[in-house]
Amino acid sequence: MQVNSPTGTTVLDTAPDPIVGQPLDRVDGRLKVTGGAVYAYEVAHGPDTFYGVLVQATIANGRITDIDSSAAKAAPGVVLVLTHENAFTQGTGPIQQAHPVLNSAEVAYYGQPVALVVARTFEEARAGSYLVRVTYDVAHRGEYSLASGLDQARVPNSPGAPPESAVGDFAGAFASAPTRLDVTYTTPLETHAMMEPHATLALWQGDKLILHTSNQMLDRGRASVAKTLRMDQENVRLISPFIGGGFGSKLWVNADAILAAMAAKQLNHPVKVALTRQQIFNVTTHRSDTIQRVRLGTDANGKILAIGHDVYSGNLRTEQQFEAAADQTRTLYAGANRLTRHRLVPLDAPVASAMRAPGEAVGLLALECAMDELACGMGVDPIELRVRNEPAEDPEKHIPYSSRHLVECYRAGAERFGWSARNVRPGQKREGQWLIGMGMAAAIRGNVLQPSKASVHLGPDGVAVVKMAMTDIGTGTYTILTQIAAEMLGLPPGQVRIDLGDTAYPQAAGSGGSFGATSSGSALFVACDNMRGKLARLAGMDPATVLLEHGNITAGGRSVSLVSLVGSGGVEAQGEIRPGAMQKKYSQQSYGAQFAEVAVDADTGEVRLRRMLGVFTAGRILNEKTARSQAIGGMIFGVGAALEEQVILDPRFGAYYVNHDLAEYHVPVHADLPFVDAMFLPELDDRANPLKAKGVGELGICGAGAAIANAVYNACGARIRDYPLTLDKVLAAMPSEA
């Protein structure tokens with residue numbers, strides 16, 4: 001099915017006792033809390049499994065002149081030391097297409113893998129890794145930090161959204177605008193900090209490779225492994241039924257998978273490789289830091305006449321992916337004259353790539369604080385300023401929105417949060433040494449549909465088994481797919497089994513970009529709709545008039561059990577979804593409004609979040625409980641971005657990340673989060689997909705950090721444009737009267 005026209009009335013709209021949308025408990029929850037959910041590194045494959053440990057480069061850039069692995073090879077239990085001298089010849093390409101490791105003597109960044117020590121136990125492999133001696137020819141000093149490399153910035157050549165956009169005469173309109181704001185915001189390097197480290201168990205069966213690996217997009221991963229190892233895709237199988245979080249760090253195949261595969265082939269033994277938390281910081285991807293200039297020109301009433309957003313981000317010299325932090329600026333607010341530009345600085349640093357809500361997560365930290373600055377400077381309520389600049393259509397594409405209820409989010413959030421109690425002047429509300437303030441921001445995240453397929457088999461036992469190469473990274477995919485199948489086939493959820501995480505199953509979009517649930521769910525919807533047609537014909541009924549419920553199919557006063565129709569072999573149906581005209585004719589996003597109240601210590605500058613509320617619209621909500629959980633999780637992500645998270649770079653040693661563990665890379669904990677709540681307003685988007693749903697997974701982070709930063713300003717008058725808002729910055733920016 002290609003989505004070329006709006007979706008009409010479906011079973012999901014007319015079910016008398018709906019399952020989709022209900023707060024069904026996670027169907028995989030019991031497995032996870034009892035240890036029954038097996039993650040990549042936990043897969044057992046007998047005592048013949050060997051273990052690999054990485055050795056990393058200790059220079060910023062240069063060339064390996066010698067690797068002395070003799071001591072390691074002689075160490076107890078060590079069976080292989082893999083280096084560029086004995087590794088496979090590998091295919092190359094950007095990280096989205098290939099991930100060669102140990103493919104040359106060149107060192108491109110600090111921490112790059114330079115060897116893999118494999119032994120009979122993990123402890124022996126780790127001990128052996130300490131014995132590898134690497135000699136380098138250190139190259140000239142490279143470029144390690146974004147700020148120092150701006151003179152080398154280039155226009156990125158990357159697939160997807162164009163790096164630049166222009167409408168009207170921005171320069172002229174900005175220069176002549178009665179009110180102008182020209183500010184620069186910076187955001188730091190960030191890492192994903194997911195719970196489960198990257199890990200792989202590799203084993204070969206003849207010329208066929210099986211990887212039990214932690215990967216968010218298995219079909220893309222399969223293609224990447226095949227290209228890297230120069231294999232036919234049909235001979236590569238990736239299995240990943242459970243993933244302990246990813247946030248984008250597992251979108252691409254990483255070094256653990258490729259190294260495990262090469263070692264397993266050479267040894268003819270299964271090989272496990274897991275990255276340590278410290279290795280993850282350099283060996284996998286991260287979010288680039290950004291430098292963002294936002295310019296807003298308005299008339300006397302605050303209506304935007306000119307809006308400009310310039311973004312600098314950095315990446316490894318061979319990569320073209322940039323942080324698209326100005327993308328939301330192209331559609332969020334009205335304005336006749338517009339300019340957005342992205343520039344990429346080539347660095348001698350690990351690869352920068354997607355991290356939860358790439359683009360909007362950091363772009364809104366700048367844009368939404370700039371809007372707050374503009375509102376406060378003009379004496380206009382921040383919500384009212386946004387309402388005045390609400391567009392009637394996409395201001396750059398000049399096409400209608402598929403659905404947009406952002407103003408409703410503002411209004412509902414303001415009422416529920418008590419926005420009217422906010423003091424307009426900063427620093428006016430005090431409780432002891434604590435200065436209290438409120439802030440808000442808009443949330444927006446693009447909605448995309450990706451090609452996906454699904455199969456559903458209804459067996460003689462009355463159980464429907466769904467198969468697809470989709471993944472569940474902790475978001476609740478197993479649960480929402482269970483609900484869709486149960487609703488469509490008239491079965492209780494307990495009679496639905498979802499099999500995910502295997503490239504032997506029908507191709508699926510995977511988890512990322514907030515498109516996983518709607519893409520895989522739409523494919524399943526189509527498969528189940530086809531199954532309904534097959535069952536109706538077997539029963540001699542009109543598919544358009546049948547009702548499926550309680551394990552029966554009914555029409556015209558006649559009811560037949562499904563089990564009696566399917567026979568001993570059962571019935572199977574396939575489904576496929578593809579984006580079509582609706583994605584081109586309509587601008588599609590999910591929306592929300594973020595509200596935060598903070599307390600700032602007038603003596604120390606410490607910021608404490610007191611409460612937070614997000615009000616969102618995202619089409620049909622597939623599961624009330626998991627959607628709210630996703631939204632709250634994203635908001636907590638935003639708390640970290642605003643107040644805590646920052647990878648510290650020590651350029652004396654190249655792209656050396658000083659705080660490369662969870663003891664020093666700070667993320668929010670329970671004590672930081674006294675009250676965080678989220679709610680969804682009713683909405684159906686019939687132009688998005690057959691489910692009439694939109695993406696939820698990344699929406700919660702969008703705008704969350706900006707709401708906190710704006711609340712800090714309202715509390716104490718400190719307008720900070722360099723994230724995170726640590727107490728030293730707050731103290732320096734706080735007016736003396738506070």
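Rounded to the nearest percent, how much of the accessible area of the range 540-638 (1.4 Å probe, protein heavy atoms only) is carbon and sulfur?
The computed percentage sits at 48.
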Practice task
Net charge near Glu42: determine it from the other residues with C-beta under 13 Å of the C-beta of Glu42, scoring Lys and Arg +1 and Asp and Glu -1.
Solution key: +1
Handout entry: Cα extents of the range 189-321 along the three principal axes, largest first (Å)
Key = 73, 31, 30
Problem - Hits among lysines - C-alpha to C-alpha of Lys397 under 16 Å, sequence gap 8 or more where chains match - result: Lys584, Lys585
Handout entry: Cα pair count fraction exceeding 16 Å, expressed as % - the range 256-313
Key = 68 percent
Problem - Hull-based mean projected area of the range 379-421, where the convex hull spans the alpha carbons, in square nanometres - result: 3.7 nm²
Problem - Dmax and Rg, reported as Rg then Dmax, of the range 365-522 (C-alpha, Å) - result: 23.0, 70
Problem - Cα pair distances of the range 1-94 binned at 5 Å [whole percent] - result: 2, 7, 9, 10, 10, 9, 8, 9, 8, 7, 7, 6, 4, 3, 0
Exercise for the section: Would you mind finding the longest exposed-site-free stretch of the chain, with exposed chymotrypsin sites (Phe, Trp or Tyr not before Pro) meaning DSSP loop and at most 15 other Cβ atoms within 10 Å? Expected result: 131-674
Fill in the blank from the handout: Listed by chain and number, the aspartates and glutamates with an alpha carbon less than 14 angstrom from that of Lys32, same-chain partners under 8 positions apart left out, are Glu42, Glu196, Asp472
Handout entry: Along each principal axis, Cα extent of the range 305-370, largest first, Å
Key = 40, 21, 16
Practice task
Measure off, as a whole percent, the carbon and sulfur share of the 1.4 Å-probe accessible area of the range 361-446, all protein chains present.
Solution key: 47 percent
Practice task
For the chain, return all DSSP H helices satisfying: extent of Cα atoms along own axis at least 15 Å; mean Kyte-Doolittle hydropathy at least 1.0.
Solution key: 255-267, 360-378, 704-716
Practice task
Write down, largest first, the equivalent ellipsoid semi-axes of the range 446-600 in whole Å, where each equals the square root of 5 times an eigenvalue of the alpha-carbon gyration tensor.
Solution key: 33, 17, 17
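Can you pull out the trypsin sites (Lys or Arg not before Pro) in the range 383-444 whose DSSP state is coil and whose Cβ has at most 16 other Cβ atoms within 10 Å?
Values: sites: Arg386, Arg388, Lys397, Arg404, Arg411, Arg416, Arg422, Lys429, Arg430; in loops: Lys397, Arg404, Arg422.
Answer in residue order: Lys397.
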Completion exercise
Rounded to whole Å², per residue accessible area for the chain with a 1.4 Å probe reads 37 Å²
Problem - Relative counts (whole %) of C-alpha pair distances in the range 535-576, using bins that are 10 Å wide - result: 29, 55, 16, 0
Exercise for the section: Please state, as a whole number in µm²/s, the translational diffusion coefficient that the Stokes-Einstein equation yields for the range 1-42 at 4 °C and 1.567 mPa s, with Rh defined as the Kirkwood radius across alpha carbon pairs. Expected result: 91 µm²/s
Problem - Dimensions (Å) - the range 598-646, Cα atoms, principal axes, largest first - result: 47, 22, 15
Handout entry: Kirkwood Rh in Å, taken over all unlike Cα pairs in the range 127-273
Key = 20.0 Å
Fill in the blank from the handout: Carbon/sulfur accessible area of the range 150-213, % of total, 1.4 Å probe, equals 56 percent
Fill in the blank from the handout: Any lysines whose Cα falls less than 22 Å from that of Lys729, other than same-chain ones fewer than 8 residues away, would be Lys429
Problem - Cα-based convex hull volume of the range 479-552 per residue, rounded to whole Å³ - result: 96 Å³
Practice task
Express in % the proportion of alpha carbon pairs of the range 198-250 at distances exceeding 15 Å.
Solution key: 43 percent
Practice task
For the range 604-680, build the convex hull from the C-alpha positions and give me its volume per residue in Å³.
Solution key: 139 Å³
Problem - Cα-based Rg / Dmax (Å) for the chain - result: 26.8, 83
Exercise for the section: Percent of Cα-Cα pairs per 5 Å bin, from 0 to the last occupied bin, for the range 270-427, please list those. Expected result: 2, 8, 14, 16, 16, 13, 10, 7, 7, 4, 1, 1, 0, 0
Problem - Mean Cα-pair separation over length for the chain, i.e. relative contact order, pairs under 8 Å, 6 or more apart, % - result: 17 percent
Problem - 12 Å beta-carbon shell around Cys702, net charge (K/R +1, D/E -1) - result: -2
Problem - Rg in Å to one decimal, and Dmax rounded to a whole Å, for the range 537-644 via C-alpha atoms - result: 25.0, 78
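The values are calculated or read from the model by the stated rules, or taken from the named source; none is laboratory data. Being a predicted model, the structure only gives us computed values, none of them experimental. Because the Cβ atoms are built from the backbone with ideal geometry, glycine has one as well, and the counts that use them run over all protein chains shown. What goes into the accessible areas is simple: the full protein's heavy atoms, side chains included, and nothing from ligands, DNA or RNA. Shrake-Rupley method; radii C 1.70, N 1.55, O 1.52, S 1.80 Å.
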